[in-house]
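Engineer: The following block contains the structure, expressed as structure tokens.
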Amino acid sequence: MDAQIKKGVIDMCILHIISKQDMYGYDVMKQMGALFPEVNDSTFYVILRRLNKEKLTEVYWGKDSNGPPRKYYHITEAGKNALVEDIDNWRKLIDIVSSIGI
């Protein structure tokens, strides 16, 4: 799959799974890695950091009973709004492509 197409889709997918529940970065990477096995694991962390820098997510340190604190990702209101817009754009793109018979 083309890298440019994948980029927006991966961002949208990460925001979507984090919108369902706050997630530890490793869990995000594992879930996304199963969906996009050709993507390097470190790429997911880069995307998580960028989404956080863009204020679409925020991080907090959760306490794990069996080890050091873990960094969890939580979607912000700006992230929720961006996700709604991304999903809307995705659906419009599907409609356009479908309209030409693909």
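The values are calculated or read from the model by the stated rules, or taken from the named source; none is laboratory data. Note that the structure is predicted; figures quoted are calculated from it, not measured. Counting neighbours? That spans all protein chains shown, and the Cβs are built from the backbone with ideal geometry, glycine included.
Engineer: Out of the stretch 15-42, which residues are in contact (Cβ under 8 Å) with a residue 24 or more places away in the chain, in a helix (DSSP H, G or I) and β-branched (Val, Ile, Thr)?
Structural biologist: Passing the criteria: 18, 28.
Engineer: For residue 70, which of the numbered conditions (1) surrounded by 14 or more Cβ atoms within 10 Å (Cβ to Cβ); (2) modelled with pLDDT of 95 or more fails to hold?
Structural biologist: (2)
Engineer: Scanning for something in a helix (DSSP H, G or I), at negative phi and among the basic types (Lys, Arg), does the stretch 56-65 turn up at least one residue?
Structural biologist: Of the residues in the stretch 56-65, the ones in a helix (DSSP H, G or I) are none.
Among the residues of the stretch 56-65, not one is in a helix (DSSP H, G or I), at negative phi and among the basic types (Lys, Arg), which makes the answer no.
Engineer: Given 29, 23, which one is in contact with an Asp or Glu (Cβ under 7 Å, 6 or more places away or on another chain), within 16 Å of residue 57 (Cβ to Cβ) and surrounded by 13 or more Cβ atoms within 10 Å (Cβ to Cβ)?
Structural biologist: Working: 23 fails: in contact with an Asp or Glu (Cβ under 7 Å, 6 or more places away or on another chain).
Just one listed residue meets the conditions, 29.
Engineer: Right, something else. For residue 4, are the conditions met, namely being part of a helix (DSSP H, G or I) and either exposed (fewer than 14 other Cβ atoms within 10 Å of the Cβ) or at positive phi (or both)?
Structural biologist: Working: part of a helix (DSSP H, G or I): yes; either exposed (fewer than 14 other Cβ atoms within 10 Å of the Cβ) or at positive phi (or both): yes.
Yes.
Engineer: Another one. Kindly provide the set of residues from the stretch 9-20 that are surrounded by 16 or more Cβ atoms within 10 Å (Cβ to Cβ) and charged (D, E, K, R), ordered by number.
Structural biologist: Selection gives 11 alone.
Engineer: Which condition from (1) more than 9 Å from the chain's Cα centre (by Cα); (2) aliphatic (A, V, I, L, M); (3) closer than 12 Å to residue 74 by Cα; (4) in a helix (DSSP H, G or I) is the one that residue 46 breaks?
Structural biologist: Residue 46 satisfies every listed condition except (3).
Engineer: Note down all Cβ pairs under 8 Å where the first residue falls in the stretch 79-102 and is within 23 Å of residue 59 (Cα to Cα), the second is at pLDDT 95 or above and of a type in the set (S, T, N, Q), and they're at least six residues apart or on different chains.
Structural biologist: Going by the 8 Å Cβ cut-off, the qualifying pairs are 79/19; 79/57; 80/19; 83/19.
Engineer: Something else: I'd like the residue in the stretch 77-96 that is in contact with a helix residue (DSSP H, G or I) (Cβ under 9 Å, 6 or more places away or on another chain) and of a type outside the set (D, E, K, R) and, out of all such residues, is surrounded by the most Cβ atoms within 10 Å (Cβ to Cβ). Lay out the reasoning, then the answer.
Structural biologist: We begin by selecting, within the stretch 77-96, every residue in contact with a helix residue (DSSP H, G or I) (Cβ under 9 Å, 6 or more places away or on another chain); these are 79-80, 82-83, 86-87, 89-90.
With of a type outside the set (D, E, K, R) added as a condition, the list becomes 79, 82-83, 87, 89-90.
On the way: 79: 22, 82: 19, 83: 20, 87: 13, 89: 12, 90: 13.
My answer is 79.
Engineer: Also: Is it true that residue 57 is of a type in the set (Ser, Thr, Tyr) and touching a helix residue (DSSP H, G or I) at 6+ places or on another chain (Cβ under 6 Å)? Break it down stepwise before answering.
Structural biologist: Working: of a type in the set (Ser, Thr, Tyr): yes; touching a helix residue (DSSP H, G or I) at 6+ places or on another chain (Cβ under 6 Å): yes.
Taking the combined requirement at face value, the residue satisfies it.
Engineer: If you don't mind, there's one more thing I want to ask. So how many residues does the stretch 42-67 have that are exposed (fewer than 13 other Cβ atoms within 10 Å of the Cβ) and of a type in the set (Phe, Trp, Tyr)?
Structural biologist: 2
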